[in-house]
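Only the coordinates and a few stated rules stand behind these numbers; no lab work does. Keep in mind it's a predicted model, so treat the numbers as computed, not measured. Neighbour counts are summed over all protein chains in view; Cβ atoms, including those assigned to glycine, are modelled from backbone coordinates with ideal geometry.
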Amino acid sequence: MQPSILNFNRISTNNNKRIRDIGIVLLCMAAIFVLFNILTQGRFLTFRNILTMMSHSVVPSFVAWGLSFIFASGTTDLSIGAIIILASNAAGICGNQFGYPGLVLGALIIAIILQVANTYVFIKTKIPSWIAGLGMAMIYESIGAFYSKTRIDKGLQVVELKESVRSLAQNPYIIILWAIGLILVYILYNRTKTGLNLRAIGGNKTVAKMMGIDLNRALMIGAVMGGIFIGIAGFINESYEMRVYARTGLGSISTLFFPLATLLLAQAFQKIINVAVAIPISAFFIYSLFNVLTILGVPSGTWQEMTLGAIVILFGILAQKGSKEVVK
Amino acid sequence: MKRGFFRVSFAVIAVIVALSVILTGCGQPASNAGKDNASKTATYKIGMNNFGKGAYPLDIMEKTSKFANEAFGNELIAADDQFKIDKIVADIQNLISSGIQGLQFLGMVETLFPVVSKMCQDAKVPFVLMDKYPTTAEGIAALQNNPYFVGIVGSDNKAAGVAIGEFAAQQGLKKAIIVGAAQGDPTHDQRIIGFTEAFEKAGGKVIGVSRIADPSQAVKPAEDLVIANPGADCVYASGGDFATASITALEKHPDLKMKIFCTDLDPMLVDKLAAGKIEAANGGHWVSAGISAALLQNYLDGHAIKDANGKAPVYTNLPIVVLPASQVDMYKKFWIDGVPYTEEDYKNLCYRWNPKVNYDTFKDTIANYSINERLLHKAKQGQVTKEELDKYGVK
């Protein structure tokens, strides 16, 4: 009897500590938001601005969720930005032709195929994933650039999604998608064998193999799951931006910084908040910084990008705090 | 043994490097500056920098330059700067190393003009500025002291902003927000200054500005600015991508009634203008890419155009045409799907095909540029009927 009571007390103490820590984090965020509101003379904490910030946090959240599946297995794939661009344009082309089914399926199919192709390359070539990812990024960017040039030669631009198919980026649909994504990723990442296997592989490949995990199969399934969330990010992005331009010269990597910062901040919180849940909170918090900078007239390309770079470094440090070795 | 091996290897490498330098030097075509190359068969390799492929206002300049150069029989090589300022110099260097005989330069920031001027002077490659140019008289004078400087064909971007600012104020609009490119871009800086000065002089007030480095990511900052300033009654977008972003941002908030004005006319914006989603727009000044190609052609053919003081000409008054909604169809036909200046028009600016061409020929061509002028010219060429001219109000 005694050991059960001790365990119960320990669990209860840990839960209380966790709730307290979550409360502290949320209180700190609230205090920062109040400060932002003062700095912007009351323009920050309006209902419309909060709703807008939430909708701006959706795409980075989905990308970060996708990254969490891919990075969990120890893979560093830098081609995801380029995949999103291609998925967004595929969503636009198919959406204009076939409506909402085309919009969704176009992005999902492209994202899943390309993510699986990347993982196949990583597995077969055994090249470090960050190197192979850079190479794949250049290939995907070239495809996007070729498509863009073909359109320009006809006096057009890259595909523009018709207004009739852009509802998924409007409130409340975008918030509903966000909520569905959260539930889906929580279940897949924490409650399925694949999620557990991916994290086991990311922890130690050798031990995972010895535990009987089929590494390649788990990585491929992880790629599909990551591809699903990146595909969702693709069609929401196309719906929001209406047109997504091609990038060249590895410029697509810069589109990953915001989701990467989101993931790193979420990982810094993962001791107290599950990473799947922490991601949307982190995305919203980081976006609020940019919202304030824009309201205050700080131009992008200078201080805004410097802020993002500092955030990536700071949250990277917080996320790896306590690690005694070099973390990839 | 080891030391001997290294000595031999070093000698071999040194010989290879020396041969490479000599052969590369032999491969560089001699500069044609000052030589009479009015032969009908002389062709040139021309370089230009596209600040970012995929952005319509930049790609249309490359397309126009290509059209004009191919009309002259030249080959155009366009380097993609990938929206990176620090890549421009490297791209120009690479173009020069590849053996170009002339350069059409798009200077995205003021500080690049003296740098590229020196590079071209050292490499003996003539260069012409299109669209963007130094904003100070001293900057222009410094360029004119370079014997390889061919001239400038650009627009008065401040005047473009002034025109829109005055128009907005005349509509009774009082509070404006501005969405534009990154600070330091000479084109957008001048447009925004012009708009702000004209709008505020007429009693209005600019209550918010968002300067965005990456036009492809402009929707969210534009929306943030719109949300933060719900009392604004108009938005001025200093470039096409920013106008698109502003339209997209406002479509998400239909209760916010802000009129949109913009400078730049890309295919989508032209449709939006016709649909009434844009109140007024001016643009179409990318023809500077073709006209500057003609200036360069004359220089390479040994008949450089000079102003009254014997210096390289500076044409900064290329009008940024105002497009009324009633003429959208014509604009689409001849500016977007076609070309406002034909091959014959560009050749007519070159000594090789028109020995009478001089400073005033360019001056008049540039000063007269407008939608009406081009349509009337096309009517003379038989491309537009009188009925169409009447229909679109061209007199």
- Query: Using r as the Cβ-Cβ distance of residue A:217 and residue A:48, and R0 as 45 Å, what FRET efficiency do you calculate, to the nearest 0.05?
  - Reply: 0.45
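Can you give the FRET efficiency to the nearest 0.05 for residue A:76 and residue A:18, using r as the Cβ-Cβ distance and R₀ = 35 Å?
Working: r = 30 Å, r/R0 = 0.86.
The computed FRET efficiency comes out at 0.70.
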- Which of A:159, A:116, A:34 fluctuates most in a GNM of chain A (C-alpha springs under 10 Å)? That residue is A:34
- Message: Under a crude label model (7 Å from the Cα following the beta-carbon direction), how far is residue A:272 from residue A:26 in nanometres?
- Response: 1.1
- Task: Bin width 10 Å, alpha-carbon pairs only: give the P(r) of region B:242-395 as whole percents, running from 0 to the bin holding the largest distance.
- Result: 10, 34, 28, 19, 7, 2, 0
- Item | Partner chain coverage, peptide A:237-243 - average Cβ within 10 angstrom | 4
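Return the calculated 222 nm mean residue ellipticity for chain A, to the nearest 500 deg cm²/dmol, obtained by summing -39500 (n - 2.57) across DSSP H runs with n ≥ 4 and dividing by the residue count. Mind showing how you got there, number by number?
Details: 13 runs with 246 residues, N = 328.
Only helices count here, giving -25500 deg cm²/dmol.
If you take all C-alpha pairs in region B:39-168, what percent of them are over 26 Å apart? Display every interim value, and only then the final one.
Details: 1874 of 8385 pairs.
I get 22 percent for the Cα pairs in region B:39-168 exceeding 26 Å.
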- Task: Return A:88, B:246 ranked ascending by Cβ neighbour count within 10 Å, so the fewest neighbours appear first.
- Result: B:246, A:88
- Item | GNM result for chain A, Cα springs below 10 Å: residue of A:300, A:252, A:282 fluctuating most strongly | A:300
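Just the number: Rg to Rh for chain B, Cα atoms, Kirkwood Rh, two decimals.
Working: Rg = 23.4 Å, Rh = 22.4 Å.
Ratio value, two decimals: 1.04.
Using 0.36 nm per residue of separation minus the Cα-Cα distance, give me the extension gain between residue B:145 and residue B:337 in nm, one decimal.
Details: separation 192, 0.36 × 192 = 69.12 nm, distance 3.98 nm.
Full-extension gain reported as 65.1 nm.
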- Task: Percent of Cα-Cα pairs per 10 Å bin, from 0 to the last occupied bin, for region A:123-162, please list those.
- Result: 27, 33, 22, 17, 2
- Go ahead and run the numbers for FRET between residue B:70 and residue A:109, Cβ-Cβ distance against an R0 of 35 Å, rounding to 0.05. 0.35
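I need the shape label for region A:125-250. Rule: rounded when a/c is under 1.5, else prolate if a/b > b/c, else oblate, with a, b, c from the alpha carbon gyration tensor. Kindly include the intermediate steps, with their values, before the conclusion.
On the way: a/c = 4.16, a/b = 1.46, b/c = 2.85.
Oblate, since a/c reaches 1.5 and b/c is not below a/b.
Tell me, B:89, A:275 in order of fewest to most beta-carbon neighbours within 10 Å?
Details: B:89 15, A:275 24.
So the ranking, lowest neighbour count to highest, is B:89, A:275.
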- Message: Give me the one-decimal nm value for the distance between modelled label points at residue B:93 and residue B:306, 7 Å along each residue's Cα-to-Cβ direction.
- Response: 3.4
- Item | Linear extension gain, residue A:257 paired with residue A:38, 0.36 nm per residue minus alpha-carbon span | 76.0 nm
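If you rank A:130, A:65 by fewest surrounding Cβ atoms within 10 Å, what's the result?
Values: A:130 13, A:65 32.
Fewest-to-most Cβ neighbours within 10 Å comes out as A:130, A:65.
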- Taking +1 at the Cβ of each Lys and Arg and -1 at the Cβ of each Asp and Glu, which of A:119, A:183, A:102 sits farthest along the dipole of region A:99-200 towards its positive end, judged by Cα position relative to the Cα centre? A:119
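Based on Cα coordinates alone, diagonalise the gyration tensor for the protein assembly as shown, multiply each eigenvalue by 5, take square roots, and list the semi-axes in whole Å, largest first.
Equivalent ellipsoid semi-axes, largest first: 50, 34, 23 Å.
Based on a Kirkwood Rh over C-alpha pairs, give the Stokes-Einstein translational diffusion coefficient of region A:33-123 at 20 °C and viscosity 1.002 mPa s in µm²/s. Show your work: numbers first, answer last.
Numbers: Rh = 15.5 Å.
So the translational diffusion coefficient is about 138 µm²/s.
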- Simple spin-label estimate for residue B:370 and residue B:255 in nanometres, 7 Å along Cα-Cβ: 4.4
- Can you give the Kirkwood hydrodynamic radius for chain A, in Å, rounded to one decimal and based on Cα pairs? 21.0
- Prolate/oblate/rounded label for region A:64-187 (Cα gyration tensor, a/c 1.5): oblate
- Could you pull out the pairs from A:124/B:53; B:311/B:378; B:158/B:205; B:175/B:277 whose alpha carbons sit more than 25 Å apart here? A:124/B:53; B:311/B:378
- Item | GNM result for chain B, Cα springs below 10 Å: residue of B:354, B:69, B:50 fluctuating most strongly | B:354
- Query: Whole-Å semi-axes of region B:203-283's equivalent ellipsoid, largest first, each the root of 5 times a Cα gyration tensor eigenvalue?
  - Reply: 18, 14, 13
- Task: Using DSSP, restrict attention to beta bridges with both residues in the protein assembly as shown and report what percent are antiparallel, rounded to the nearest 5.
- Result: 5
